[in-house]
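These notes are about the structure you will find just below.
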Amino acid sequence: LGEVIFLDVLKQKFPDPRQYCDFNGQLSFWSGLLTAICALLVAPFLLKKCRWVVASLITPVCLLVTEAAFFLTLWLPSKELHLDLLVLFGTIFFCFVRAAKYTLFDTSKEISFLLLPPLEKMQGKLVIDGMCSRMGRGGASLASILLIQICGGVLASAFIAGWLALLIGASCVFSTLKLGLLVERKTKPEATS
């Protein structure tokens, strides 16, 4: 939901297609570089030194904080440098969330399956990777399309989309905390025996 609005903000900042494509190229470069740094340095360190729930919480917290900064800036009354701040916070949101998702989130998701018996592991992976990820993408696309149609434009839908995205981010933080408690409870008997 936030990326669609961010890309529309970029179209306002860079109305020339060459500048827009140039910025998207830079955005991809920095997102890839940050992902590589996170994959090589940050994720291994956090996964070795912290509990599972700490590494798992980084992605939803990062999503919630960066998306909140982007949407709060978007909702503020227009001031000087408003568009520049939106591009800055949107870029941070775009790069950090992708880096966290492709490194910590995916790794933490796979680690959570390790404790399951083989049949539950297979069924869980089928449900999560096969159905839920596609439903999530499709649901976000459908929500974006409906909000844009109902509100009359991408930026017109920003208020509702922002609150919806923040609620989803907060529910992800809550769900990860709850799952972390279950994972820790399941690993404690093994640690004591």
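The values are calculated or read from the model by the stated rules, or taken from the named source; none is laboratory data. Please read these numbers as outputs of a predicted model, since none were measured by experiment. Reconstructed Cβ throughout: ideal geometry from the backbone, glycine too, with neighbour counts over all protein chains shown. All accessible areas refer to the heavy atoms of the entire protein, side chains included, with ligands and DNA or RNA removed. Shrake-Rupley method; radii C 1.70, N 1.55, O 1.52, S 1.80 Å.
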* Asked: Any chance the range 151-164 includes a residue that's exposed (fewer than 12 other Cβ atoms within 10 Å of the Cβ) and either among the polar types (S, T, N, Q) or in a helix (DSSP H, G or I) (or both)?
  -> no
* To do: Could you tell me whether the range 75-88 includes any residue that is touching a Leu at 6+ places or on another chain (Cβ under 7 Å) and either basic (Lys, Arg) or at pLDDT 90 or above (or both)?
  => yes
Flag for residue 71 being assigned to a helix (DSSP H, G or I), over 30 Å from residue 25 (Cβ atoms), open to solvent by less than 60 Å² (accessible area, probe 1.4 Å) and touching a residue at least 12 places away in the same chain (Cβ under 8 Å)
no
Counting only residues in the range 17-40 that are under 20 Å from the mean Cα position of the chain (by Cα) and either outside any helix (DSSP H, G or I) or of a type in the set (S, T, N, Q) (or both), the one nearest to residue 56 (Cα to Cα) is identified as 35
The residue from 119, 181, 114 that alone is in contact (Cβ under 8 Å) with a residue 40 or more places away in the chain, over 14 Å from residue 2 (Cβ atoms) and open to solvent by 40 Å² or more (accessible area, probe 1.4 Å) is 181
Does residue 121 fit the bill of being modelled with pLDDT under 90, of a type outside the set (Val, Ile, Thr), more than 28 Å from residue 12 (Cα to Cα) and touching a Ser or Thr at 6+ places or on another chain (Cβ under 9 Å)? no
